[in-house]
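Comments concern the structure below.
The values are calculated or read from the model by the stated rules, or taken from the named source; none is laboratory data. Worth saying up front: this structure is predicted, and the values here are computed from it rather than measured. Methodologically, a virtual Cβ is constructed for each residue, glycine included, from the backbone with ideal geometry; neighbour enumeration extends over all protein chains shown. When the accessible area is computed, the model is the full protein with side chains, heavy atoms only, and any ligands, DNA or RNA have been set aside. Shrake-Rupley method; radii C 1.70, N 1.55, O 1.52, S 1.80 Å.
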Amino acid sequence: MRKQLSHAALVLMAVAGLAACTPGGGTPSPSATAPGTTGGTSPSATVTPSPDAETKTPAPSPSAAPVTSGPGQGNAELAIMVKPSETGTPANFTLVCLDGVPAAESQHPDAAAACLAVKNNAALLSPAPRPTDQACTMQYGGPQEATVTGVVDGLPVETTFTLRDGCEIAAWNAARDVLGSTGGAV
């Protein structure tokens, strides 16, 4: 009798172990049904594919250009510093724009183009953080670094531009008019 109970317990444990290891086997987990349902999964339940599953939908191509937000008021008061290299002498500019037109106190090599760029794209100097899954070309555009601080359309701006990869080069090129004539050789 004892031998039969022992054998039955082993079989029961083996069946329970297999049910726990088999996908969809055994009793449903608490997350398989929503509260208030009678059990099972509905036909509209979302199934998450495994990480190794292939999909038929192509991945979107990464955008090299920063997202634009459209025209702004064109009011800006900026300090711009462009360093040609880590040890090079920086070029410093001030840019003051009123309704997209440079003010007399602007000391920028092409203040008209810079003010127009700020008016045409208010988010130019406040780029969104790069998504962690965005792929960028591994190209080096140079050691230049630009820092822009100030106010655009009443909002504070403090951003740095570099040329370390394709995404940063694209952001630099988009802001080229604001960064001035010494804005790099790309």
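With respect to Ala146, determine if the residue is under 19 Å from Cys97 (Cβ atoms), open to solvent by less than 40 Å² (accessible area, probe 1.4 Å), in a helix (DSSP H, G or I) and touching a helix residue (DSSP H, G or I) at 6+ places or on another chain (Cβ under 7 Å). No. If a residue must be touching a helix residue (DSSP H, G or I) at 6+ places or on another chain (Cβ under 6 Å) and in a loop (DSSP other than H, G, I, E, B), how many such residues does segment 83-103 contain? Final tally of qualifying residues: 1.
Looking only at segment 99-137, residues that are among the β-branched types (Val, Ile, Thr) and without any contact (Cβ under 8 Å) to a residue 24 or more places away in the chain come to 1 in all. Just one of the listed residues (Val151, Val178) is open to solvent by less than 70 Å² (accessible area, probe 1.4 Å) and in a helix (DSSP H, G or I), and it is Val178. So for segment 162-171 (the condition being at pLDDT below 95 and part of a strand (DSSP E or B)), does at least one residue qualify? Scanning segment 162-171, I find at least one residue that is at pLDDT below 95 and part of a strand (DSSP E or B), so the answer is yes. Across segment 104-143, which residue is surrounded by the most Cβ atoms within 10 Å (Cβ to Cβ) among those that are touching a Leu at 6+ places or on another chain (Cβ under 8 Å) and assigned to a loop (DSSP other than H, G, I, E, B)? In this case the residue turns out to be Leu125.
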